[in-house]
Amino acid sequence: MIVLAPAWSPTTSLLLLLLLSPGLRGSPDCSFSHSPISSTFKVTIRKLSDYLLQDYPVTVASNLQDDELCGPFWHLVLAQRWMGRLKAVAGSQMQSLLEAVNTEIHFVTLCAFQPLPSCLRFVQTNISHLLQDTSEQLVALKPWITRRNFSGCLELQCQPADSSTPLPPRSPRALEATALPAPQAPLLLLLLLLPVALLLMSAAWCLHWRRRRWRTPYPREQRERQSMSGVGAERGGDTESEAGSRLRAVSTEPDVGLELPNFEIMT
């Protein structure tokens, strides 16, 4: 009997090690006795960045609370969600690169995070910014991952919505993402009328060209008309000259064809 063994990739083995190892598994209060962050995560993220379109659109939270301890953890939670979405639509080669990056930040799923709050606002940015921010958050979190307890970070928090309350200063590592401007109504109307205007201009130009083509013959037709008119004029001149010659001939010989009758005188 032949038993087929499943093919284990290095990435799958590392992920299984994170899930089963008690030293690397997050405790119920979200703390880690051994660092789950590898020393090669920058290389892994750079490999994925080289294959992805730099302007591929993704969304990020623009109003996360800037917390020194929980901020990097929260950014990694949102980045890990995007890795899962991209893996679902990627090809085989791209899927392996996404899985490698996902393995680097998969440790955030070992903590029992609460559902995302409804106060989060998401804006569009590029995938290159998301990967760069992910790398920076891992750098910031690595020295503290085994020294701090993240049980107070299990619920993502938003910045205060009250405009009178000054917002805390943004971290230099925070992702610089701005919301896309909403399209204005006049601009949208202009974009809708532009194809109609182009169609009318094309129809007018075609009509003008056909009229000009009907009125103006080709050079070959012009030469044929000119040659026909020249032959007609030449034939008319020959007929008039022949008639004039006959008239001159008659006028110079008055006696030709005129015979006087001979009368006999009877006595």
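List of remarks:
- FRET efficiency, 1/(1 + (r/R0)^6) with R0 41 Å, evaluated for ALA197 and CYS119 via beta carbons: 0.35
- Integer Hz, Karplus 6.51/-1.76/1.60 couplings in order for the range 48-64, x for Gly and Pro: 5, 5, 5, 9, 7, 5, 5, 9, 5, x, 9, 10, 9, 7, 9, 10, 5
- TYR51 exposes around 130 Å² of accessible area when a 1.4 Å probe is run over every protein chain in place.
- Ranking of MET94, MET201, MET83 by solvent-accessible surface, largest first: MET201, MET94, MET83 (1.4 Å probe, protein heavy atoms only, all chains present).
- Computed with a 1.4 Å probe over protein heavy atoms only, the accessible area of LYS142 comes to about 80 Å².
- Across GLU68, GLU104, GLU136, the residue with the most accessible area heads the list, and the full order at a 1.4 Å probe is GLU68, GLU136, GLU104.
The values are calculated or read from the model by the stated rules, or taken from the named source; none is laboratory data. None of the values given here were measured: they were computed from a predicted structure. Note that each Cβ is placed from the backbone with ideal geometry, even for glycine, and that neighbours are counted across all protein chains shown. Just so you know, the surface numbers come from the protein's heavy atoms only, side chains and all, with ligands and any DNA or RNA stripped out. Shrake-Rupley method; radii C 1.70, N 1.55, O 1.52, S 1.80 Å.
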